[in-house]
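Written below as structure tokens is the structure these notes are about.
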Amino acid sequence: TLVTLDLSRAGSEWVLAVTDDGRGIAAAESSTARKGLGLDGMRMRAAEMGGSIAWEPAPGGGTRVMLRFRPDSD
């Protein structure tokens with residue numbers, strides 16, 4: 001029911017964190033629901049822009065997704 005976005009700077013990188021209060025990534029991974037390409041696609045897009053992405057349980061429940069990237073200096 002709640003999604004929080006946070007964009008912050010960490011040295012020369014930017015960190016975009018998206019946190020929700022849902023059932024959590026572990027519950028989604030153990031689900032019998034059809035597996036798609038969503039997580040792999042996000043990982044590939046982060047790599048294409050020279051960044052990285054990670055998922056972790058959010059404090060108090062839910063999931064936090066963190067994208068780390070450097071702005072294009074062109």
* Using per-residue counts of other Cβ atoms within 10 Å, averaged over each peptide, order 42-48, 63-69, 8-14, 53-59 from highest down. => 63-69, 53-59, 42-48, 8-14
* Tabulate in residue order the Karplus-calculated ³J(HN,Hα) for region 53-62, using 6.51 cos²θ - 1.76 cosθ + 1.60 with θ = phi - 60°, rounded to whole Hz; enter x for Gly and Pro. => 9, 9, 10, 8, x, 7, x, x, x, x
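All of the numbers you see were taken from the coordinates with simple rules; none came from a lab. Nothing here was measured: the structure is a model prediction, and the numbers come from that model. Neighbour counts are summed over all protein chains in view; Cβ atoms, including those assigned to glycine, are modelled from backbone coordinates with ideal geometry.
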